1. Looking at A:LYS231, A:LYS183, which one is in contact (Cβ under 8 Å) with a residue 24 or more places away in the chain, over 17 Å from A:VAL119 (Cα atoms) and surrounded by fewer than 24 Cβ atoms within 10 Å (Cβ to Cβ)?
2. Just a yes or no: is a residue in segment A:205-221 outside any helix (DSSP H, G or I), modelled with pLDDT of 95 or more and not basic (Lys, Arg)?
3. From the list A:GLY232, A:GLY211, A:GLY195, exactly one residue is within 14 Å of another protein chain (Cβ to nearest Cβ) and touching a Cys at 6+ places or on another chain (Cβ under 8 Å). Which is it?
4. Condition first: away from chain B (no Cβ under 14 Å) and either in contact with a strand residue (DSSP E or B) (Cβ under 8 Å, 6 or more places away or on another chain) or assigned to a loop (DSSP other than H, G, I, E, B) (or both). Can you find one or more residues in segment A:353-366 that meet it?
5. Report every pair of residues separated by at least 6 positions or lying on different chains whose Cβ atoms are under 8 Å apart, first residue within segment B:80-98 and under 21 Å from B:PRO58 (Cβ atoms), second exposed (fewer than 14 other Cβ atoms within 10 Å of the Cβ).
6. Does segment B:58-70 include one or more residues that are crowded, with 20+ Cβ neighbours inside 10 Å, at pLDDT below 95, part of a helix (DSSP H, G or I) and within 12 Å of chain A (Cβ to nearest Cβ)?
7. Search segment A:396-411 for residues being in a strand (DSSP E or B) and away from chain B (no Cβ under 12 Å), and hand back the single one that is farthest from A:GLY285 (Cα to Cα).
8. Determine whether A:GLU161 is of a type in the set (D, E, K, R), free of Cβ contacts under 8 Å to residues at least 12 places away in the same chain and out of contact with any Ser or Thr (no Cβ under 6 Å at 6 or more places or on another chain).
Amino acid sequence: MTIEELELIAKNVKQENDKYDYEVNVCMDLACASQGAGALKDALVKAAETSEKKVLVRRTGCMGPCSHGPLVRLDPDETLYHHVHAESAEAIVKNLGEAPVPELQCDLNEHFDKQVRVVLENAGYIDPEKIDDYIARDGYKALLTMLVEMTPNGVVHRITESGLRGRGGGGYPTGLKWSTVAKANGDVKYVVCNGDEGDPGAFMDRSVMEGDPHRVIEGMAIAGYAVGASKGFIYVRAEYPVAVSRLTTALREARRHGLLGNNIANTPFNFDVEIRLGAGAFVCGEETALIASIEGRRGTPKPRPPYPAASGLWGKPTLINNVETFANIAPIMRNGGKWFFNMGSERSKGTKVFALTGKIANTGLVEVPMGIKLREIIEEIGGGVPGGHKFKAVQTGGPSGGCIPEEMLDVGVSYDALLKMGSIMGSGGMIVMDDTSCMVNVARYFIEFCMTESCGKCIPCRAGTAQMFTLLTRICNGTGTLDDLALLEDLCSTVKETSLCGLGQTAPNPVLSTLKYFRDEYMEHILHKRCPAGVCQMEAVNSATSIEVMA
Amino acid sequence: MRKNGFARRALIETLHTVQSSFGYLDDDSIRFVAMSLRVPLSQAYGVATFYHYFTMKPPGKHTVTVCAGTACYIKGADKLIAAAEKRLGIAQGQTTADGQISLMTARCVGACSRAPVALCDGEVVGEMTRDQVLEQLERWIVE
């Protein structure tokens, strides 16, 4: 495949699409599909066939506001319909070109206005199983142009210039990582895409892999060229069967088009990608554990250094980046490093995709420029807390992150600001809690998670999280004392400082951040044997109330 | 195994194939996989027990998997699990004595925007209520 052939495909797709007067895009992502998007699409296809209008019905990836699903977007006029069911199909097709169906029309201007879409630019516009759709939206253009016009060093330089930082949570500068691997000695190098989205409450990577798989593959191929690798692996959770099948299809299509394989674009560059399945272990998101898992062993981390950049898969230099990081590569190559550098805040560039969930009106995927205030995300994009409840905290970074209270909401989102607040950027889960959530209980939930997910290799994490869980359980059921609290705090710092890998080092974060901002709730549990949110059931209450609770 | 060229590194892929064909891994199948791929039995058993996705118990005829991810937990997944446990008289991770229903929990299936979520025989059902879970269980019980 050469750049001319690529342009020809794009032209053909455009011509093909021009035959239709209207496009009806149906979101078929997991959330919409579970609300009947499959039947809706079939009904729309049927209605389009019987209609005189020339209508193209297209299946797409996640459009964003999942709580409004199933979603349908009409082109060219960009009307968005929400809560659409199969019965409305005929009315939708009938009204094309006229005024939109009023009862289905969705007004989410505020939701979309504040967003900037880079990673999700194709979400809702392409059929994830059609490579031609991706090519028509400038897909693979960056890869082919770069192979002909740029040196590997030039590519690394452009990524460095963009200021992109790892989107897996740590925020390590991507350009620096790439140049380390590029400089490492060795004929054989590997590129690994970390799609083990173990963070409960986050689904950005799933949406990208399912909705726009070629973007990830293109990013990996560019990385392969830059660091001198000819083999890549995508490590995906087994819990995401759709992502696995979409990626398999995408890889097959890319090979068929000569965009993967030997002598890509008639250059000496060879690159191919293999899929590796995870099997449900949170710790495998840690890079050394992920390497062990790809090699077919138990996913236990190793002490670093040596870093994977020097000695990774089978002892070879290995570049590991997250799905979202790779998804950012192609746009940076296309638009230049400066373009990306100009977005975002001072030390965190570009955009970030968040999975907005929990007690919030518009749940779903959002992509915002770095530096945006948390309050804007929650109140304007998210539509605030529904049901007349009061906002209490937002949890970012999953089990490794922390809870941020209302008074900190005016801080701009960036790696450093979140770290300063006792949380982390994480992979992008953002879970909103209202006054019906008990913060002690939430901390206990996360510690339980870390306890069961601890691989058991190092003692601080294995034993420490178990002891923290016991102490938190005691506080939750009303038998905790102030000594327990002191012990808990002591244990937090021990686990944080002495654990081997990121899982253990960050496990105390949910406890520390809730202790910092919601200490009064802990005190209420300990001193007055009362749970302010009414979540925890106390053992030490008098018999009359306990009978009531049981009944 | 042939697809992966009997490579040792394909141990996890092979175990996935075995589990999706038979529903679970038993001693015999682990022994067989270990022998064919020439990996130590200890490693094969270690991998099979390390990862949560692999199960060594045969599943029931129907499986309800309640998502216990953070978003689902905040929206009351624990109450769904408790209700199902009470109705079936088993704890999570177990199967009823007649082999009809298995009650499982998952660490996030990625449908957080529709929390709380449950998988009924693999199909995602969003915004589950306690009554919906019980209704589904009743239907399976009478079967």
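The values are calculated or read from the model by the stated rules, or taken from the named source; none is laboratory data. Source: prediction; values computed, not measured. As a convention, Cβ positions derive from the backbone with ideal geometry for all residues, glycine included, and neighbour counts pool all protein chains shown.
1. Every option except A:LYS231 fails the conditions.
2. Within segment A:205-221, one or more residues are outside any helix (DSSP H, G or I), modelled with pLDDT of 95 or more and not basic (Lys, Arg).
3. A:GLY211
4. No.
5. Hits for this filter: B:GLU85/B:ALA91; B:THR95/B:LYS57; B:THR95/B:PRO58; B:THR96/B:GLY89.
6. So far as segment B:58-70 goes, yes, one or more of its residues are crowded, with 20+ Cβ neighbours inside 10 Å, at pLDDT below 95, part of a helix (DSSP H, G or I) and within 12 Å of chain A (Cβ to nearest Cβ).
7. A:PRO405
8. Against the criterion (of a type in the set (D, E, K, R), free of Cβ contacts under 8 Å to residues at least 12 places away in the same chain and out of contact with any Ser or Thr (no Cβ under 6 Å at 6 or more places or on another chain)), A:GLU161 does not qualify.
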